[in-house]
Every structure is written in structure tokens, then in C-alpha cells.
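Take a look at the structure below.
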Amino acid sequence: MTKFQLKYQKLEKASSELVVKLKAIHAHPDYKAMWSLAQAHGMDYEGPNYQAEFETLNNLLGNNEQKPSQKPTAAGKPARRR
């Protein structure tokens, strides 16, 4: 195996593990509850997000499944932008 192939293999493994972890975080009830609580108190997040980069990485890895929403709410839908 060449040096490039070894590096690519490590990069693919690390990227896949990151995608799996991010999906687990977005699916966790505590994470979803945090956004619901913030929204209930009128604190919508309007800062930067990683959605586009996540989708690109997820697609490059061949994971074309459901993508996490930017900000889950109680109904599991992204919060509206003001």
C-alpha cells in the first residue's frame, strides 16, 4: 500500500467516524431538547453552521441518507429564520 493510499484510508475512516458521531448527536433527545428550550425562550440561533460542509462530506462518503437538520425543534423540524 502506498503512502497516499494509507493516508486516504485513515482520512476516510476518521471522516466516517465524524459523520456517525454528528448524526448521533443530532438524533439525541437532550440535543433536540436544548434547541426547543432555547426557542421557547425566544433565543433563535442565527450564527454560522456546518450544514453545507456536512452534506458534502456525507455525500463524498456515499452516505446519502437523511441529513441532520440545522436546529431541531420540539417537532424535529429546523427552527424558522427571522
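Over all other residues within a Cβ to Cβ distance under 12 Å of Leu6, the charged ones net out to +3, with Lys and Arg as +1 and Asp and Glu as -1. Here Thr56 and Tyr31 are evaluated by their C-beta separation; at R0 = 25 Å the FRET efficiency comes out at 0.70.
Each reported figure results from applying straightforward, stated rules to the coordinates on display, with no laboratory input. The structure presented is a predicted model; accordingly, all values stated were derived computationally and were not measured. Methodologically, a virtual Cβ is constructed for each residue, glycine included, from the backbone with ideal geometry; neighbour enumeration extends over all protein chains shown.
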